[in-house]
Amino acid sequence: MNATDWETVIGLEIHAQLSTLSKIFSGSASSYGAQPNAHANLVDLGYPGVLPVLNAEAVRMAVKLGLAIDARIARTSVFARKNYFYPDLPKGYQISQYELPIVAGGALEIVLEDGSHKRIGITRAHLEEDAGKSLHEGLPGVSGIDLNRAGTPLIEIVSEPQMRSAKEAVAYMKKVHTLVRYLEICDGNMQEGSFRCDANVSVRPKGAEAFGTRAEIKNLNSFRYVEKAILYEVARQVELLESGGRVVQETRLYDADKGETRSMRTKEEANDYRYFPDPDLLPVVLTDEFIDEIRRSLPELPDEKALRFARDYGLSVYDALVLTSSRELAAYFEDVAQAIPGEPKLAANWVMGELAASLNKDGLDIGRSPISSAKLAALLRRIADQTISGKIAKEVFEAMWVSGKEPDAIIEEQGLKQITDTAAIERVIDEVMAKNSAQLADYHSGKDKLFGFFVGQVMKATGGKANPAELNKLLKAKLAG
């Protein structure tokens, strides 16, 4: 057998940290970046006699997610204790949900590279608390424990094992990332660990129905690492099986420096955690009125927005998907498009082109763009009314990016207005033709490609300010005369 004889099977467990102001079972702040243990109270530290109190906002956010993925919202859900030992888990157990999660079922649709769509089922989404963090800094062989993260609220979103490639897994993870940010239930900051996943990966011979033995790759916090870790793990398992070995069910870590996964521990089963209902927490009971209230508060979701952009602005499906990949980007584009009616494609091209490239170059997100949507619209208005050409607009854009000035001020200061006077353009064409008699003779002898040469010479002579459409029309007439 070779690699093409095997089928990859992938399921993702995505952990999204909920954007509540306090932790899920205590009043400690859940914000990132404080000094170690500054945001840890007696509940977080697991002191005897303290009692958890459920954060109602975390419940509300979980229901928002469930409604957005068209899942079943449990009218009654139960918290359980998941028992295992880690130095950064003070109680010796994690409060999570097991048999009765708050969200069950649901699905998301992803778009594959060939433009086709695939529906990925979601088994469940449950609330739980996060663990703390071990710090391996300072003295050699000495570790510290930071419990600021202990007790921060998570929603764990468990997919069906329906992805068949690393790229499908990344597309699905990006879709979830976009969704939780649209819903404003998670900031999606992967560098801070607010959004991460565990990937369950196995392989089986093509055509086989039974799943192979899976390995779980823990704590992947970038889309690139998810893809690389899965590709490595698939290759590792195929090589192992083809050499007569067997895959062991285990938990593995991805080493980004070495580009490989390595064994962490034997994979536990549910019974190893000795789940049982938490005696300190009552069941969560939701009314239809509570759920309906949340349903009415849902924003326009990414898929709905992409369909509307394609319909109302005449965009391609691809452009609509790109522009709705984040709520902030979609709002920026729509502000620009509405400010220059009749030019949605121009707005889309500039937002996805010049603006996106500049943001990427400077490592900025759309919310920190030096050029506001109003200023970009003002610039594009000058292209639409032919005050400047598209080429000159790029120079103005660069100046706006650096200086923060309005486009009209830059156009005026630098004398960049387009020449639309036909007589003025004709005079320059006559001068160029007179100076390039040899090329003119070659053009008339059949070398039509020299048309571009004459366009370039006129543009050079006018400092790029000749109106391109007018120039082409006048030049064709002159050369034909």
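Just so it is clear, none of the values below were taken in a lab; they were calculated from the coordinates. Being a predicted model, the structure only gives us computed values, none of them experimental. With ideal geometry, Cβ positions are generated from the backbone for all residues, glycine too; neighbour counts draw on all protein chains shown.
Summary of values
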{"quantity": "Among beta bridges that DSSP assigns inside the chain, antiparallel share in %, nearest 5", "calculated": "90 percent"}
{"quantity": "The chain: calculated mean residue ellipticity at 222 nm from DSSP helix runs of at least 4, using -39500 (n - 2.57)", "calculated": "-12000 deg cm²/dmol"}
{"quantity": "Cα-Cα pairs of the chain separated by more than 38 Å (percent)", "calculated": "43 percent"}
{"quantity": "For peptides 60-70, 295-305, sequence by mean Cβ density within 10 Å, most packed first", "calculated": "60-70, 295-305"}
{"quantity": "Unit charges at the beta carbon, dipole of the range 311-397: most positive-side option, TYR313, PHE333, SER358", "calculated": "SER358"}
{"quantity": "Angle between the chain longest axis and helix 390-403 axis [Cα atoms, degrees, rounded to 10]", "calculated": "50 degrees"}
{"quantity": "Using θ = phi - 60° and Karplus 6.51 cos²θ - 1.76 cosθ + 1.60, couplings along the range 54-69 (whole Hz; Gly, Pro as x)", "calculated": "5, 7, 5, 5, 5, 5, 4, 5, 5, 5, 4, 4, x, 5, 5, 9"}
{"quantity": "Nearest-20 debye value, the range 338-452 charge dipole, Cβ charges on Lys, Arg, Asp, Glu", "calculated": "260 debye"}
{"quantity": "Dipole axis of the chain (+1 Lys, Arg; -1 Asp, Glu on Cβ), positive-most option in PRO140, VAL455, TYR273", "calculated": "VAL455"}
{"quantity": "Relative contact order for the chain, counting Cα pairs under 8 Å that sit 6 or more residues apart, in percent", "calculated": "14 percent"}
{"quantity": "All lysines inside 23 Å of LYS394 as judged from Cα atoms, apart from same-chain residues fewer than 8 positions distant", "calculated": "LYS345, LYS361, LYS375, LYS405, LYS417, LYS460, LYS465"}
{"quantity": "Along each principal axis, Cα extent of the range 1-126, largest first, Å", "calculated": "56, 38, 31"}
{"quantity": "Two-site FRET efficiency, ALA356 against GLU109, from Cβ-Cβ distance with R₀ of 35 Å, rounded to 0.05", "calculated": "0.90"}
{"quantity": "Hits among lysines - C-alpha to C-alpha of LYS64 under 26 Å, sequence gap 8 or more where chains match", "calculated": "LYS23, LYS82, LYS118, LYS174, LYS175, LYS305"}
{"quantity": "Residues THR213, THR8, sorted so that the one with the fewest Cβ neighbours within 10 Å comes first", "calculated": "THR213, THR8"}
{"quantity": "Assigned charges on the beta-carbon of Lys, Arg, Asp, Glu; the chain dipole about Cα centre (debye)", "calculated": "840 debye"}
{"quantity": "Among SER194, HIS177, MET163 the positive-end extreme of the charge dipole of the range 153-198 (Cβ point charges)", "calculated": "MET163"}
{"quantity": "By average C-beta atoms within 10 angstrom, highest first, the peptides 256-263, 460-467", "calculated": "460-467, 256-263"}
{"quantity": "Computed lengthening from ASP5 to GLU293, 0.36 nm per intervening residue step minus Cα-Cα distance", "calculated": "98.6 nm"}
{"quantity": "Residues LYS476, LYS82, LYS91 arranged by fewest to most Cβ contacts within 10 Å", "calculated": "LYS476, LYS91, LYS82"}
{"quantity": "Separation of the LYS206 and TYR86 label points, Cα + 7 Å toward Cβ, nm", "calculated": "3.9 nm"}
